[in-house]
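Visitor: Have a look at the structure that comes next, please.
The values are calculated or read from the model by the stated rules, or taken from the named source; none is laboratory data. These figures come from a predicted structure and were not determined experimentally. Note that each Cβ is placed from the backbone with ideal geometry, even for glycine, and that neighbours are counted across all protein chains shown.
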Amino acid sequence: MWWRLAAANPAVDVVHGDATFLADVLAQRELGHADVVVSGLPWAAFGPDQQRAVLSAVVAALPPHGVFTTFAYVHARWAPSARRLVRSLRARFDEVAVSRTVWGNLPPALVYACRRPYLAAGPR
């Protein structure tokens, strides 16, 4: 839960809110961009429009050297929404590295490390 993260890391500004409003969160803090965005969102549960809106907000918030990291559960990797996520990541980032399966996680998961966002937030 987000409040545990905030309590355990008092020097970190933890925001609980809608990821599509990332630009507003940055503006409220007088920040021009986020160097890194880490997400634990349930991508496989999102429809196409919601995935697109969140990824567009993330890309718009990152500078050219920015990094976006998220994870997915292995059992859902082949679901249409999960495959759509991977296509969307590859359309928005120059590099999408996929980790090995993290078997110690329950359920097992993998991590997507996405680097160098394309300036245009939409799919290419």
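Visitor: For the structure I just gave you, tell me whether residue 41 is assigned to a helix (DSSP H, G or I) and either within 13 Å of the chain's Cα centre (by Cα) or surrounded by 13 or more Cβ atoms within 10 Å (Cβ to Cβ) (or both).
Guide: On the way: assigned to a helix (DSSP H, G or I): no; either within 13 Å of the chain's Cα centre (by Cα) or surrounded by 13 or more Cβ atoms within 10 Å (Cβ to Cβ) (or both): yes.
No.
Visitor: Right, here's the next one. Are any of the residues in the stretch 8-19 part of a helix (DSSP H, G or I), in contact with a helix residue (DSSP H, G or I) (Cβ under 7 Å, 6 or more places away or on another chain) and either more than 23 Å from residue 110 (Cβ to Cβ) or among the small types (Gly, Ala, Ser) (or both)? Before the answer, list the steps.
Guide: First pass over the stretch 8-19, keeping only residues part of a helix (DSSP H, G or I): 8, 19.
Checking which are in contact with a helix residue (DSSP H, G or I) (Cβ under 7 Å, 6 or more places away or on another chain) leaves us with 19.
Right, trim to either more than 23 Å from residue 110 (Cβ to Cβ) or among the small types (Gly, Ala, Ser) (or both) and you get 19.
Within the stretch 8-19 (the criterion being part of a helix (DSSP H, G or I), in contact with a helix residue (DSSP H, G or I) (Cβ under 7 Å, 6 or more places away or on another chain) and either more than 23 Å from residue 110 (Cβ to Cβ) or among the small types (Gly, Ala, Ser) (or both)), the answer is yes, since at least one residue qualifies.
Visitor: Among the candidates 11, 27, 7, single out the residue that is out of contact with any Cys (no Cβ under 7 Å at 6 or more places or on another chain), modelled with pLDDT of 95 or more and farther than 26 Å from residue 86 by Cβ. Explain how you work it out, then say what you get.
Guide: Numbers: 11 fails: modelled with pLDDT of 95 or more; 7 fails: modelled with pLDDT of 95 or more.
After ruling out the rest, the residue left standing is 27.
Visitor: Further question on the same structure: Quick check on my filter: what residues within the stretch 24-38 are outside any strand (DSSP E or B) and within 14 Å of the chain's Cα centre (by Cα)?
Guide: Just the residues of the stretch 24-38 that are outside any strand (DSSP E or B), to begin with: 24-35.
Answer for the stretch 24-38, where residues must be outside any strand (DSSP E or B) and within 14 Å of the chain's Cα centre (by Cα): 34, 35.
Residue-wise test of (1) under 23 Å from residue 109 (Cβ atoms); (2) out of contact with any helix residue (DSSP H, G or I) (no Cβ under 9 Å at 6 or more places or on another chain); (3) of a type in the set (Lys, Arg).
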position	(1), (2), (3)
26	no, no, no
29	no, yes, yes
49	no, yes, no
64	no, yes, no
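Visitor: Looking only at the stretch 64-72, decide whether some residue is on the phi > 0 side of the Ramachandran plot, of a type outside the set (Ser, Thr, Tyr), part of a loop (DSSP other than H, G, I, E, B) and more than 15 Å from the chain's Cα centre (by Cα). Spell out how you get there, then give the answer.
Guide: At the first step, the residues of the stretch 64-72 found to be on the phi > 0 side of the Ramachandran plot are none.
Within the stretch 64-72, none of the residues are on the phi > 0 side of the Ramachandran plot, of a type outside the set (Ser, Thr, Tyr), part of a loop (DSSP other than H, G, I, E, B) and more than 15 Å from the chain's Cα centre (by Cα).
Visitor: Within the bounds of the stretch 56-74, is there any residue that is surrounded by 13 or more Cβ atoms within 10 Å (Cβ to Cβ), without any contact (Cβ under 8 Å) to a residue 60 or more places away in the chain and more than 24 Å from residue 116 (Cβ to Cβ)?
Guide: Within the stretch 56-74, one or more residues are surrounded by 13 or more Cβ atoms within 10 Å (Cβ to Cβ), without any contact (Cβ under 8 Å) to a residue 60 or more places away in the chain and more than 24 Å from residue 116 (Cβ to Cβ).
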